[in-house]
Amino acid sequence: MRRRLFGAAASAAAFGLLITVSGCGAAAGDGDEATLTLIAAEYGDGTSTSSKAFWDKATAEFGAANPGIEIEVRLLPWADIDREVSRMVKAGNAPDMALMGSYSDFAAQGKLYPAEDLLSVQAEANFLQPLAEAGSIGNTLYGLPWVASSRLFFYNEDLFTKAKVEPPKTWKDLRVAAQALKDKGVKIPYALPLGPEEAHAEAMIWELSNGGGYVDSSGSYNLASEQNVETFKWLKENLVAQGLTGPVAPGKLNRQDAFNAFLRGEVGMLNGYPSLHHAAQAKGMKVRTLSMPVNEDLGAAAAPPAVGVADWMVAFNQNGNRKPIGKFLEFLYQDRVLSDFAGRYHLLPSTGTAANSPAGGGLDDTDQEFLDALRVAQLYPVNNPNWVTVSDTIKRNIGRAVEPGSDPKAVLEDIANKSRQQASAG
């Protein structure tokens, strides 16, 4: 919400060690003594932007008001958190809470508290509708949306001016622009980050622009659909094989690396979200955003929906700490606290009041553009069974579909098969 300071896939090596922060525990106040654990994704891209600063502040404030409840926060990179939390749950060591990219597997296993057991009616009703729907299975909200974003197509206006090309509306336009940028010496005409950090976002953006996606009209997984196969065949033949995606193989290129290159002026085009736009503006770059170019075979009127991404706060019921968890979550979802976090990373808060009211800080014009896109965006199928497994399989394998000598259809079918096998294995 990625899902994150533009990219936010800090590795353990980048920080030296995984970071733990905690609030101060003391004598019980109202009888709710507990030590709660929260496994949270790291949104920063280095020590200076680490999420540790937010969690230090939040847990200290909460601990002062609730001296019987101690909060221990462990930060993990985005590339690892879904798998690590899944491993912990399978081993019977679930944390009390996790802030991550998925929730449906745990809900299907009966391991999560529903929102109605944790939050007041007012707090639960305050979530933006598309996010509340994505966080629900049936009519029950299990994945509490934390922060969100939508994806728009970015281009460097100065590089486009030098290359004398127009902003692309179709795939053909995009290829023409990429070739012109390459001819002018642009290092990465189009950045295609299909590395394990967030490959499933880039893949879904492209699939939607060809009438595909991860699920069919009934909501069932359809990872190797004809449209998806066509999409990756086009990418392989028209961008990757032509040297238009830069020197790093897409399967090795992570989102953060692509964003950093864009901010260095080395990238002509890529898909991004609010924090990248703010970072580019801060550097004085002339950046423009568009809806994703569409396969011209679909027709000019077939503009695809933007991809929406939310990060999910979940509460595990294994340790029986429902009441203290609820207290902490009510604290976190206050406008000022949620807006503090969202503002640090130029992401969209998940609640209506935080997004729109003065108490929540409101949104600037750039953020509003992404919020408008989010209201009609298509989110990952996070409420489908086994999305944790499916998304992880996509992230770690989809880059193979555009490698030299690969068969995109075979790769997508392999991903679909791996997803089914891993889901069956539990």
Can you name the number of the only condition in (1) within 29 Å of LEU276 (Cα to Cα); (2) in a helix (DSSP H, G or I) that ALA148 fails?
(2)
So, in the range 181-212, how many residues would count as being more than 21 Å from the chain's Cα centre (by Cα) and among the small types (Gly, Ala, Ser)?
2
Taking into account only those residues within the range 368-391 that are crowded, with 23+ Cβ neighbours inside 10 Å and in a helix (DSSP H, G or I), which is modelled with the lowest pLDDT?
VAL388
Which residue, of SER225, SER217, is over 22 Å from TYR273 (Cβ atoms), of a type outside the set (Asp, Glu) and at pLDDT below 95?
SER217
Checked pairs for the range 401-426, first of a type in the set (D, E, K, R), second surrounded by 15 or more Cβ atoms within 10 Å (Cβ to Cβ) and at pLDDT 95 or above, C-beta under 6 Å and 6 or more apart or across chains, list as LYS409/VAL229; GLU413/ALA224
Among the residues that make up the range 156-166, is at least one of them modelled with pLDDT of 95 or more and under 21 Å from GLY308 (Cα atoms)?
no
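In the range 104-118, which residues are within 15 Å of GLU330 (Cα to Cα), open to solvent by 40 Å² or more (accessible area, probe 1.4 Å) and aliphatic (A, V, I, L, M)?
Those that are within 15 Å of GLU330 (Cα to Cα), open to solvent by 40 Å² or more (accessible area, probe 1.4 Å) and aliphatic (A, V, I, L, M): none in the range 104-118.
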Filter the range 154-180 for residues that are assigned to a loop (DSSP other than H, G, I, E, B) and crowded, with 19+ Cβ neighbours inside 10 Å; which is farthest from the chain's Cα centre (by Cα)?
VAL165
Can you give me the number of residues within the range 331-367 that are modelled with pLDDT of 90 or more and among the polar types (S, T, N, Q)?
5
Just checking: which of the strands (runs of 3 or more DSSP E) contained wholly in the range 1-84 hold 2 or more residues that are under 27 Å from LEU371 (Cβ atoms) and either at pLDDT 95 or above or out of contact with any helix residue (DSSP H, G or I) (no Cβ under 7 Å at 6 or more places or on another chain) (or both)?
34-41
When residues of the range 127-151 are limited to those that are open to solvent by 40 Å² or more (accessible area, probe 1.4 Å) and at pLDDT 95 or above, the one nearest to the chain's Cα centre (by Cα):
TYR142
How many residues, within the range 181-211, are in contact with a helix residue (DSSP H, G or I) (Cβ under 8 Å, 6 or more places away or on another chain), of a type in the set (Gly, Ala, Ser) and open to solvent by 20 Å² or more (accessible area, probe 1.4 Å)?
1
If you go through the range 119-126 one residue at a time, do you hit one that is within 23 Å of PRO324 (Cβ to Cβ), in contact with a Lys or Arg (Cβ under 9 Å, 6 or more places away or on another chain), open to solvent by 50 Å² or more (accessible area, probe 1.4 Å) and part of a helix (DSSP H, G or I)?
no
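The values are calculated or read from the model by the stated rules, or taken from the named source; none is laboratory data. Remember, it's a predicted structure, so these values are computed and weren't measured experimentally. Note: ideal-geometry Cβ built from the backbone for every residue, glycine included; neighbour counts use all protein chains shown. All accessible areas refer to the heavy atoms of the entire protein, side chains included, with ligands and DNA or RNA removed. Shrake-Rupley method; radii C 1.70, N 1.55, O 1.52, S 1.80 Å.
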